[in-house]
Amino acid sequence: MRVRTRSPEEILEIYEVRISLEATAASAAAQRRSDFDLVRIARAQKAMVATSTSDPSAMAAANLAVHEAIWAASHNGTIVDLLTRLNNHLTRYPATTLAAPGRWAEAIDEHEAIIEAIEQRDADRAHDLARDHMTKARELRLRIYAENTD
């Protein structure tokens, strides 16, 4: 048995896969989503907007709920399983990227754009927006890691 240490390399590995899968999930959601999926995504987004920014754990949970609703709308169980497992790996890095100055509002706006692309069934746009959203999260996660290890 081996204890895994946290590292920037691990962050890069996790996000390399997560960025690709999140983009694929958003694209698939745009192609396969049902009206019920849209309701579920909208409810999660509305709950995120209403979440207090004084509670980083609640912020992270609300954000994850939006992502999980998009994953579910992809109607691809393998993507959902893999993203859930990747998210579990990130729990080893407890600081949320959403607490970074300006990131909460930015993430909400980015979600709105992704949701709009899914509603419009614009798979390419949903893919690109989700990719960019998760790329920003990776860069913040690396910055937080560096700040906490100095």
Does T97 meet the test of being surrounded by 12 or more Cβ atoms within 10 Å (Cβ to Cβ), of a type in the set (S, T, Y), closer than 18 Å to V66 by Cβ and modelled with pLDDT under 95?
yes
Being closer than 15 Å to L142 by Cα and surrounded by 18 or more Cβ atoms within 10 Å (Cβ to Cβ) is the filter here; which residues of the range 74-94 pass it?
L90
From the options E147, E106, E112, residue that is within 23 Å of L12 (Cα to Cα), under 14 Å from the mean Cα position of the chain (by Cα) and of a type in the set (D, E, K, R)
E106
Would it be correct to say that R6 is within 20 Å of R141 (Cα to Cα) and modelled with pLDDT of 95 or more?
no
Kindly provide the set of residues from the range 25-35 that are closer than 14 Å to A130 by Cβ and either modelled with pLDDT under 95 or surrounded by fewer than 20 Cβ atoms within 10 Å (Cβ to Cβ) (or both), ordered by number.
Q31
Do any helices (runs of 4 or more DSSP H) entirely within the range 22-107 hold 1 or more residues that are under 19 Å from D122 (Cα atoms) and free of Cβ contacts under 8 Å to residues at least 40 places away in the same chain, and if so, which?
35-50, 56-73
Residue selected from the range 1-21 under the condition in a helix (DSSP H, G or I) and charged (D, E, K, R), by the criterion surrounded by the fewest Cβ atoms within 10 Å (Cβ to Cβ):
E9
Pair list, Cβ < 8 Å and 6+ apart or interchain, from the range 112-131 residues that are part of a loop (DSSP other than H, G, I, E, B) to residues that are modelled with pLDDT of 95 or more
Q120/A30; R121/A30; R121/Q31; R121/R33; D122/A30
All positions within the range 100-150 that are modelled with pLDDT of 95 or more and hydroxyl-bearing (S, T, Y):
T135
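The values are calculated or read from the model by the stated rules, or taken from the named source; none is laboratory data. Everything numeric here is computed off the predicted structure, so don't read it as measured data. When we count neighbours, we look across all protein chains shown, and the Cβ atoms used for this are built from the backbone with ideal geometry, even at glycine.
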